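For reference, the structure is listed below as structure tokens.
The values are calculated or read from the model by the stated rules, or taken from the named source; none is laboratory data. Every value quoted in this text rests on a predicted model; they were computed, and no experiment measured them. Don't worry about glycine lacking a Cβ; one is built from the backbone with ideal geometry, like all the others, and counts go over all protein chains shown. Ligands, DNA and RNA are excluded from the accessible area calculation, which covers all protein heavy atoms including side chains. Shrake-Rupley method; radii C 1.70, N 1.55, O 1.52, S 1.80 Å.
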Amino acid sequence: MSRQIDDAGHLRHLLSLDGLEREMVEELLERAESYQRDDGRCQHTTELLNRTLANVFFEPSTRTRVSMEMAALHLGMDVVNLDIERSSRSKGESALDTLRTLTAMDVDLLAIRHAEDGFLAEVAKELGDEAVIVNCGEGHSGHPTQGLLDLLTVRQTKGGPEGLAIAIVGDIAHSRVARSAYQAFTIAGCEDVRIAGPDAWMPEEDEFPRAYRHEELDGAIRGADVVMMLRVQRERLAQGPEPDLDAYAADWQLTPQRMTLADDEAIVMHPGPMNRGVEIHDEVAEGPASVIWKQVANGLAVRMAVMAKLMERYHRGGKG
Ligand code: CP
């Protein structure tokens, strides 16, 4: 039994998109769309009444944390938002004991964001079936619900992603968003994923094995159907020298002029939060090609789908 999929093939936790079957990914997207009404807003259900979600974010978040909370409320769940700064973590409690404390209070679902790669697999190992875990962003390694919402957005606006050229640009090395987007797009059949960024921010050669690597923005976005810009993550660059943002913007900012290199019908994506004027020009962020706010909206539907799917196994087997 893997940490994520049980022997019967059911999803136990959502820790990573890596290794997920295409069928499972498609099912999650179809489920997400089933919650969306014609006006794009999500309907309310009582599907998960009497279940409890705890949001435990050891790193800051707006989109993911709020949409997990809203998704849970749309499904009829109760929600606990742990304020880490004011929790007993400040008295020296380990992160694992904080999570154990919540499961002891019968929290069903833990939405966790943490800076350390491997932390969530460790939690899944230690807590077993005591709670269901959703990875809401882990170190550099993954942000699976973001990957799913990115895939849903591409599917709804461009079809595909089979047959599309998708460029992911920026600080690839430190980006969990890039890793999960790459996994989502390749699982769903995209054969032309391009990655580009300054040399120091490109990943190791053995990562993104099927992506085409570019050393310049122009080459990466030429003819692309989708251009995904990544945030310059100053908090993850703290150990190195302060990045020269003006120099970065000169070479790598997606400007209206550079956008003319992409396909005429290309869309622009960004996971948020944006550094306007650094990786993306204001006019591009707010321009007709931008689907950035649609990505945010899709986050709610995707997170509803993920939680409902995960709780199916619970309904079948109960805890433990
Ligand atoms: N895209 C994303 O994860 O945004 P937040 O950090 O605001 O959750």
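Here's the yes/no breakdown for (1) in a loop (DSSP other than H, G, I, E, B); (2) within 12 Å of the ligand (Cβ to nearest atom); (3) modelled with pLDDT under 95:
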site	(1), (2), (3)
Glu30	no, no, no
Thr45	yes, no, no
Val56	no, no, no
Glu69	no, yes, no
When segment 156-180 is examined, which residues are found to be farther than 18 Å from Gly223 by Cα, more than 16 Å from the ligand (Cβ to nearest atom) and either assigned to a helix (DSSP H, G or I) or open to solvent by less than 10 Å² (accessible area, probe 1.4 Å) (or both)? Gln156
For the subset of segment 74-87 comprising residues that are in contact (Cβ under 8 Å) with a residue 12 or more places away in the chain and not β-branched (Val, Ile, Thr), which member is farthest from the ligand (Cβ to nearest atom)? Gly76
Return yes when Met274 is outside any strand (DSSP E or B), at pLDDT 95 or above and within 14 Å of the ligand (Cβ to nearest atom) and no when it is not. yes
Taking segment 266-279 on its own, how many of its residues are touching a Lys or Arg at 6+ places or on another chain (Cβ under 8 Å) and either at positive phi or open to solvent by 20 Å² or more (accessible area, probe 1.4 Å) (or both)? 4
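Give me a count of the residues in segment 280-295 that are away from the ligand (no atom under 16 Å from the Cβ), part of a loop (DSSP other than H, G, I, E, B) and open to solvent by less than 30 Å² (accessible area, probe 1.4 Å).
Residues flagged as away from the ligand (no atom under 16 Å from the Cβ), part of a loop (DSSP other than H, G, I, E, B) and open to solvent by less than 30 Å² (accessible area, probe 1.4 Å) within segment 280-295 amount to 2.
Quick one: would you say Ala224 is over 24 Å from Thr186 (Cα atoms) and surrounded by 15 or more Cβ atoms within 10 Å (Cβ to Cβ)?
No, not satisfied.
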Residue that is within 23 Å of Leu148 (Cβ to Cβ) and either of a type in the set (Lys, Arg) or free of Cβ contacts under 8 Å to residues at least 12 places away in the same chain (or both), where the choices are Pro203, Pro209, Pro241: Pro209
